[in-house]
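The values are calculated or read from the model by the stated rules, or taken from the named source; none is laboratory data. Everything numeric in this text was worked out from a predicted model, so none of it was measured. All Cβ positions, even for glycine, are placed from backbone atoms using ideal geometry, and neighbour counts span all protein chains on display.
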Amino acid sequence: MPVPKRKLSRSRRDMRSANKGIDPQPANLCFEGSCNGTPKLPHQVCSVCGFYGGKKVLVTKTDRALKRSEVRAEAASRVKHAHPESESPDKEA
Ligand SMILES: [Zn+2]
């Protein structure tokens with residue numbers, strides 16, 4: 001069984017212990033795109049808005065949801081135009 005060669009001084013032991021209570025803090029806040037101070041990691045793309053360096057570089061989950069709802073609304077309007085009489089039968093009367 002490996003054994004430490006020398007006793008760790010009180011100072012060295014306490015220096016190690018001093019770093020154990022630190023938890024990582026979000027250092028940067030995002031103010032690009034739709035964000036208004038969302039915490040993000042430095043030098044990394046914001047996962048909320050997908051912006052980095054003032055440019056959109058990532059398609060986020062929110063973007064996909066928005067696009068999906070647009071496609072659905074467009075499809076619904078197309079159905080309405082194709083069958084206008086079935087949508088409102090007593091509009092002319
Ligand atoms: Zn952002």
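From Ser34, Ser11, grab the single residue that is surrounded by 10 or more Cβ atoms within 10 Å (Cβ to Cβ) and either assigned to a strand (DSSP E or B) or out of contact with any strand residue (DSSP E or B) (no Cβ under 6 Å at 6 or more places or on another chain) (or both).
The unique qualifying residue is Ser34.
Does Asp63 satisfy being among the acidic types (Asp, Glu), within 16 Å of the ligand (Cβ to nearest atom) and either surrounded by 10 or more Cβ atoms within 10 Å (Cβ to Cβ) or at negative phi (or both)?
In short, yes.
From the list Ala27, Ala18, exactly one residue is within 16 Å of the ligand (Cβ to nearest atom), exposed (fewer than 10 other Cβ atoms within 10 Å of the Cβ) and at pLDDT below 90. Which is it?
From the options Ala27, Ala18, the qualifying one is Ala27.
Could you list, in sequence order, all residues of the stretch 16-39 that are of a type in the set (S, T, N, Q) and touching a residue at least 12 places away in the same chain (Cβ under 8 Å)?
Selection gives Asn28, Ser34.
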